[in-house]
Amino acid sequence: MNEHDPEAAPRPSFSPARRPGRLHLLAVNPTDSVTEGFLPAAARLGLAVTLLTDQPEAHERAYARLRAAGTAPLPELALEHCDIRDFREVISHIAATGQRPRAIFTNSDHLQAQAALAADYFGLPGKDWRATLRTKNKAELRRALAAADADTVWSTELGTGQDPSALTGLDAPYPCVLKPREGVASEDVVLVADAAELVAQCRAIRERRPGAALVVEEYLDGELRTLETLGDGRTLHVLGAFRTELSPPPHFIEERLRLLPAPPPEPHTGQVLDQLRALGVGFGICHTEYVVQGDRARLIEVNYRAIGDQCDLMLAELLGIPLFEHVLRTHLGEPLPDDLGARTDGRARMEYILADRAGRLVSAPAAGLSERDGVRLDYRPLRDIGEEHPLYRTNRDFLGVLRATGTDQTLIDAAVAEFLAAHRWEITS
């Protein structure tokens, strides 16, 4: 991050992409990152967008709401159905147009390797598909870090179709963390106390995910932080870092995040950057989670995309830079500025309101935006009144998200506490 003086160091201005063309964007379900971040950025860059998805109707509904709200520009947009999880289908679908794409991009955890392989096939800038595989596959991530002498965490893998009983005699450092090998959003991530619980939880996860490969690994206790980076293959910028607070074990649900003062603390930041380089990560945007143990940074996981859950939208606003445009420009083959011109005086808190039981949401506050004493509060509902859901024990339990920004963390925390005390979220069975 760079010191920001609005008079001495004005932010760089950007003209539209020099060669506007068509961006092929791969997506599963609609997300705020794409709907409110990357699509408006593509419009500002003058790019037309073909969105390849296996859920076109869901995307059409999301973009219809955005058009109706009129809050952000949308590019010329074509929604096309595609088996996006198969890189061969993605390549064939794009090739069938008869036109070379300008760029291929995804912000989905599930589709990074497919987008990287497709970009490579068409000779376009993109991530190294090997790095996307190393970061998505949590067993391979551990092997790669150990092989590079970057960090060693005890772990083992229960392969696809392998019976959980194979873990009965495992000599593991309990308690351990059990998680899907290619999982996301803390889904089916659980802390297990002993071998019997490990086998039982494996069987329970397999009921929900038949045949899924699982990873058992050492529990890394300590303060949980994130590091947000952006690179063009030449320069790797640190955008910021968050401290994350989780729900009590055995589950790991994010409850709140606070932006750490810039620059993020050392030696941990440097160690995380070294581990990312060992994994081959350095192109585009990346969200890394790690635990602080004394002077050591121990990686939890690497998500080779933007942080999500509206943190990326808040970060772009707080840094005062065209973050989403920067990300797309790397995939257009344009180098990043040596100095992003980001502000460093901002403070923030993301507060997630979690359902504590299954049932129907019968009352909750409406969306609202307010500003007082230098603190801006932006509340967004994430579940409609009347919706009924089970208890997921993941971020799908979020009822709403409160974005609080300013320059004084004490005032921000006080404003959040006042907002939470003044509102109620009620669920009935």
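In this structure, is Arg347 at pLDDT below 95, farther than 30 Å from Pro20 by Cα and of a type outside the set (S, T, N, Q)? Spell out how you get there, then give the answer.
On the way: at pLDDT below 95: no; farther than 30 Å from Pro20 by Cα: yes; of a type outside the set (S, T, N, Q): yes.
So Arg347 fails the test.
Return yes or no: is Tyr352 of a type in the set (Ser, Thr, Tyr) and surrounded by 23 or more Cβ atoms within 10 Å (Cβ to Cβ)? Before you say what the answer is, go through the steps one by one.
Working: of a type in the set (Ser, Thr, Tyr): yes; surrounded by 23 or more Cβ atoms within 10 Å (Cβ to Cβ): no.
No.
Yes or no: the stretch 261-280 includes at least one residue that is of a type in the set (Ser, Thr, Tyr) and part of a helix (DSSP H, G or I). Before the answer, list the steps.
Just the residues of the stretch 261-280 that are of a type in the set (Ser, Thr, Tyr), to begin with: 269.
In the following step, the residues that additionally are part of a helix (DSSP H, G or I) were identified as 269.
The answer is yes, given that some residue of the stretch 261-280 is of a type in the set (Ser, Thr, Tyr) and part of a helix (DSSP H, G or I).
Looking at the stretch 350-375, I want the residues that are under 20 Å from Ala415 (Cβ atoms) and of a type in the set (Asp, Glu) and have a partner that is modelled with pLDDT of 95 or more and open to solvent by 70 Å² or more (accessible area, probe 1.4 Å) with Cβ atoms under 8 Å, at least 6 apart or on another chain. Which pairs are those?
Asp373/Leu411
Would you mention how many residues in the stretch 263-295 are within 12 Å of Val238 (Cα to Cα) and open to solvent by 30 Å² or more (accessible area, probe 1.4 Å)?
2
If you scan the stretch 220-234, which residues turn out to be open to solvent by 30 Å² or more (accessible area, probe 1.4 Å) and farther than 30 Å from Leu336 by Cα?
Within the stretch 220-234, Asp221, Gly222, Glu223 qualify.
Could you grab me the full set of residues in the stretch 308-330 that are more than 20 Å from Leu227 (Cβ to Cβ) and open to solvent by less than 10 Å² (accessible area, probe 1.4 Å)?
Result: Leu328, single match.
Return the only residue of Leu124, Leu111 being open to solvent by less than 30 Å² (accessible area, probe 1.4 Å), in a loop (DSSP other than H, G, I, E, B), at pLDDT 95 or above and under 25 Å from Gly233 (Cβ atoms).
Numbers: Leu111 fails: in a loop (DSSP other than H, G, I, E, B).
Within the list Leu124, Leu111, the selection yields Leu124.
Go through the stretch 170-193 and give me each residue that's more than 24 Å from Glu254 (Cβ to Cβ), at pLDDT 95 or above and among the charged types (D, E, K, R).
If the condition is that a residue be more than 24 Å from Glu254 (Cβ to Cβ), at pLDDT 95 or above and among the charged types (D, E, K, R), then no residue fits.
In the set Arg67, Arg44, Arg61, which member is open to solvent by 70 Å² or more (accessible area, probe 1.4 Å), closer than 21 Å to Thr330 by Cα and modelled with pLDDT of 80 or more?
Arg44
Just to be sure before I move on: is Arg305 under 22 Å from Gly37 (Cβ atoms), touching a residue at least 60 places away in the same chain (Cβ under 8 Å) and open to solvent by 40 Å² or more (accessible area, probe 1.4 Å) in the structure I sent? Working first, answer last.
On the way: under 22 Å from Gly37 (Cβ atoms): yes; touching a residue at least 60 places away in the same chain (Cβ under 8 Å): yes; open to solvent by 40 Å² or more (accessible area, probe 1.4 Å): no.
No.
Which residue, of Ala131, Ala185, Ala148, Ala116, is among the small types (Gly, Ala, Ser) and over 18 Å from the mean Cα position of the chain (by Cα)? Outline the logic, then answer.
Numbers: Ala131 fails: over 18 Å from the mean Cα position of the chain (by Cα); Ala185 fails: over 18 Å from the mean Cα position of the chain (by Cα); Ala116 fails: over 18 Å from the mean Cα position of the chain (by Cα).
None of the other options fit; the residue is Ala148.
Restricting to the stretch 335-349, what's the tally of residues that are open to solvent by less than 20 Å² (accessible area, probe 1.4 Å) and assigned to a loop (DSSP other than H, G, I, E, B)? Before you say what the answer is, go through the steps one by one.
Of the residues in the stretch 335-349, the ones open to solvent by less than 20 Å² (accessible area, probe 1.4 Å) are 336, 340-342, 346, 348.
Keeping just the survivors that are assigned to a loop (DSSP other than H, G, I, E, B) gives 336, 340-342, 346.
So the answer is 5.
Would you mind finding the one in Gly374, Gly386, Gly406 that is touching a helix residue (DSSP H, G or I) at 6+ places or on another chain (Cβ under 6 Å), small (Gly, Ala, Ser) and either farther than 30 Å from Asp128 by Cβ or open to solvent by less than 40 Å² (accessible area, probe 1.4 Å) (or both)? Even if it seems obvious, please write down each step before you answer.
Values: Gly374 fails: touching a helix residue (DSSP H, G or I) at 6+ places or on another chain (Cβ under 6 Å); Gly386 fails: touching a helix residue (DSSP H, G or I) at 6+ places or on another chain (Cβ under 6 Å).
On inspection, the qualifying residue turns out to be Gly406.
Considering every residue within the stretch 211-219, establish whether at least one is open to solvent by less than 60 Å² (accessible area, probe 1.4 Å), modelled with pLDDT of 95 or more and not hydrophobic (A, V, I, L, M, F, W, C).
As a first pass, look at the stretch 211-219 and keep what is open to solvent by less than 60 Å² (accessible area, probe 1.4 Å): 211-218.
With modelled with pLDDT of 95 or more added as a condition, the list becomes 213-218.
Filter once more, so that each one left must be not hydrophobic (A, V, I, L, M, F, W, C): 217-218.
Among the residues of the stretch 211-219, at least one is open to solvent by less than 60 Å² (accessible area, probe 1.4 Å), modelled with pLDDT of 95 or more and not hydrophobic (A, V, I, L, M, F, W, C), which makes the answer yes.
Taking Ser92 as the residue in question, decide whether it is within 23 Å of Leu141 (Cβ to Cβ), at pLDDT 95 or above, open to solvent by 10 Å² or more (accessible area, probe 1.4 Å) and among the hydroxyl-bearing types (Ser, Thr, Tyr).
Values: within 23 Å of Leu141 (Cβ to Cβ): no; at pLDDT 95 or above: yes; open to solvent by 10 Å² or more (accessible area, probe 1.4 Å): yes; among the hydroxyl-bearing types (Ser, Thr, Tyr): yes.
Considered against the rule, which asks whether it is within 23 Å of Leu141 (Cβ to Cβ), at pLDDT 95 or above, open to solvent by 10 Å² or more (accessible area, probe 1.4 Å) and among the hydroxyl-bearing types (Ser, Thr, Tyr), Ser92 comes out as no.
The values are calculated or read from the model by the stated rules, or taken from the named source; none is laboratory data. Keep in mind that what you see is a predicted model, and the values were worked out from it rather than measured. Heads up, the Cβs are rebuilt from the backbone with ideal geometry, glycines too, and the neighbour counts pull from every protein chain shown. We work out accessible area using only protein heavy atoms, side chains counted, and drop any ligands, DNA or RNA first. Shrake-Rupley method; radii C 1.70, N 1.55, O 1.52, S 1.80 Å.
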